[in-house]
1. Looking at region 81-110, which of the residues that are touching a residue at least 40 places away in the same chain (Cβ under 8 Å) and β-branched (Val, Ile, Thr) is surrounded by the fewest Cβ atoms within 10 Å (Cβ to Cβ)?
2. Tally up the residues in region 118-128 that are buried (at least 20 other Cβ atoms within 10 Å of the Cβ) and in contact with a strand residue (DSSP E or B) (Cβ under 6 Å, 6 or more places away or on another chain), please.
3. For the list (1) assigned to a strand (DSSP E or B); (2) free of Cβ contacts under 8 Å to residues at least 24 places away in the same chain; (3) polar (S, T, N, Q), I need the number of the one condition that Thr72 fails.
4. Of everything in region 126-140, what is modelled with pLDDT under 95 and more than 14 Å from the chain's Cα centre (by Cα)? Give them in sequence order.
5. Scanning for something free of Cβ contacts under 8 Å to residues at least 40 places away in the same chain, among the hydrophobic types (A, V, I, L, M, F, W, C) and touching an Asp or Glu at 6+ places or on another chain (Cβ under 9 Å), does region 8-20 turn up at least one residue?
6. Would you check which residues across region 67-86 are within 18 Å of the chain's Cα centre (by Cα), under 26 Å from Met40 (Cα atoms) and not aliphatic (A, V, I, L, M) and list them?
7. Residues of region 93-140 being among the aromatic types (Phe, Trp, Tyr) and out of contact with any His (no Cβ under 8 Å at 6 or more places or on another chain), which ones?
Amino acid sequence: MTNKFYPFDKRLEHRALGSAAITAETVLATITERAAQRTMYLTKVNVEAVKKTANNEAYTVVVEVSNDDFATREVAAILSLGAAEVRQSTAPDTKVGDEYDIHWTTEVNGIKYEKSRIKMFTAGTTPSITVGCWSTIATG
């Protein structure tokens, strides 16, 4: 497997490292394409701090796409974070320093979407997570 370098583009920085903790549902970014076209993205999520002391804290990063300002939407990707007890497939606890890659595209089920957004959903006893998040346009 080749090692690819994906450049950092300040325009696609959704949440800077060192930003405030996320404690409720939050939109991290909205990306608008010039036209409905298929674009592949790699979104990086760096975990700087995560509360999971009650073992019921869940954090879900969802990439949504839409053609009508999110009145209706489709899911392009999902990333489950948090305590092992509530993570999808009982994956291990999310830890400080973990870095996740989300690969997604603006085309889902043959439909091309003009807008996309990255949302963080939180659940559990006083959830709190600090992440850095940015995307890059991926190439074949």
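The values are calculated or read from the model by the stated rules, or taken from the named source; none is laboratory data. Since we're looking at a predicted model, the values are computed, not measured. Here the Cβ is made from the backbone with ideal geometry for all residues, glycine too, and neighbour counts use every protein chain on show.
1. Here is the first cut: in region 81-110, the ones touching a residue at least 40 places away in the same chain (Cβ under 8 Å) are 81-83, 93-108.
Cutting the leftovers down to β-branched (Val, Ile, Thr) gives us 94, 96, 102, 105-106, 108.
Values: Thr94: 24, Val96: 10, Ile102: 19, Thr105: 17, Thr106: 21, Val108: 18.
Among them, the one singled out is Val96.
2. First pass over region 118-128, keeping only residues buried (at least 20 other Cβ atoms within 10 Å of the Cβ): 118, 120, 122, 127.
Subsequent filtering for residues that are in contact with a strand residue (DSSP E or B) (Cβ under 6 Å, 6 or more places away or on another chain) retains 118, 120, 122.
Qualifying residue count for the region: 3.
3. If we test Thr72 against (1) assigned to a strand (DSSP E or B); (2) free of Cβ contacts under 8 Å to residues at least 24 places away in the same chain; (3) polar (S, T, N, Q), just (1) comes out false.
4. Correct list: Ile137, Ala138, Thr139, Gly140.
5. Within region 8-20, the subset free of Cβ contacts under 8 Å to residues at least 40 places away in the same chain is 10-11.
Narrowing the set further to residues that are among the hydrophobic types (A, V, I, L, M, F, W, C) leaves none.
No: zero hits.
6. Matches in region 67-86: Phe70, Arg73, Glu74, Ser80.
7. From region 93-140, those among the aromatic types (Phe, Trp, Tyr) are 100, 104, 113, 121, 134; that's our starting set.
Residues satisfying the conditions are Tyr100, Trp104, Tyr113, Phe121.
Each row is one residue, and each column tells you yes or no for (1) farther than 15 Å from Pro127 by Cβ; (2) touching a Leu at 6+ places or on another chain (Cβ under 8 Å).
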site: Asn46; (1), (2): yes, yes
site: Asn67; (1), (2): yes, no
site: Ala76; (1), (2): yes, no
site: Ala83; (1), (2): no, no
